[in-house]
Amino acid sequence: MERKFGTCFFEEYAALSLSRLVGHEFDGLVVHDRPDLQSAESGRLGIEVTRAMPESKAAAESLLREMSGALPREDGEDDLARILRSGYAYGLQEGRYIGRLEMDYWSRALPLRRILKSKVEKAANGFYGRYERMGLYVFCKDPLTEVRVANICRYVRNLQRYNEIRYDFLYLSEISELYVCNLADGLGPNARVASFDISPDVRRTLYFDALRRREAAE
């Protein structure tokens, strides 16, 4: 029987990537709701997880349906069976493959600026509650550049400039890199953004660890 993890696979992947790549302060994050990731200590850390994709990309993604869940043989028969059963393939084989459930996840994604504006407004309205530190983690299907990340960071800072409740950090994840944007005031450009390479081996580990965590939660 095919497992249906919903968006929880991506939320687990986000939590694991932060813990492994950014720091141990993210150890122990649990999948919850409003926001999606929360620290064990109530009110300390909350992170909302979402995804973004340009509208024009949606049509192109449909071309990948025939490849959904397909991976080269070198990944191993046991691994291939798990990938097909899960319906996800995020991060594997340089992002060339998309699983069946993953296809639906991306097809409903809003363009980046629209989703950022929506999430900033929800945070400001208290939709996610109040936390000592708040983060917004966005999966991006298209490659990011340093210039684009800097522009995105500036856009979010301007959106929430006068908000009482705001995000402290923005995490932008694409297949091979995670960008961490510090949204605090008074920082220079060199201190604003840090990037972390996600090697193929790390992507593979994150993928299967996220699957295991969802299987254990079922």
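What follows is calculated from the coordinates using simple rules that are stated; it is not laboratory data. Predicted, not measured: the structure shown is a model, and the values here were computed from it. Every residue, glycine as well, gets a Cβ built from its backbone with ideal geometry; the counts of neighbours run over all protein chains shown.
Estimated at 0.36 nm per residue, the fully extended path between N125 and F208 surpasses their Cα-Cα distance by 26.3 nm. Is segment 94-202 rounded, prolate or oblate when judged by the Cα gyration tensor, a ≥ b ≥ c being the square roots of its eigenvalues, rounded requiring a/c under 1.5 and prolate requiring a/b larger than b/c? Cα axes put segment 94-202 in the oblate bin.
With the alpha-carbon atoms of segment 8-217 aligned to their principal axes, the span from lowest to highest coordinate is 52, 38, 30 Å, starting with the largest. Taking the chain, the Cys residues with no second Cys beta-carbon under 4.7 angstrom are C8, C140.
What length, rounded to one decimal in nm, is gained on full extension from S56 through to R85, with 0.36 nm per residue of separation minus their alpha-carbon distance? Mind dumping the intermediate values first?
Values: separation 29, 0.36 × 29 = 10.44 nm, distance 2.91 nm.
Extra length available between S56 and R85 comes to 7.5 nm.
Counted residue by residue at 0.36 nm each, then reduced by the alpha carbon distance between them, the extension gain from S199 to D78 reaches 41.4 nm. The calculated FRET efficiency for S176 paired with T7, based on their beta-carbon distance and R0 = 22 Å, is about 0.50. In a reduced charge model with +1 at each Lys and Arg Cβ and -1 at each Asp and Glu Cβ, the chain shows a dipole moment near 800 debye about its Cα centre. Taking the DSSP bridge list for segment 8-217 and keeping only pairs wholly inside it, about 50 percent are antiparallel.
Ranked by how many other Cβ atoms sit within 10 Å of their own Cβ, fewest first, the residues Y90, Y137, Y162 fall in the order Y162, Y90, Y137. Placing dummy labels 7 Å off each Cα toward the beta-carbon, the span from S118 to N151 is 2.2 nm.
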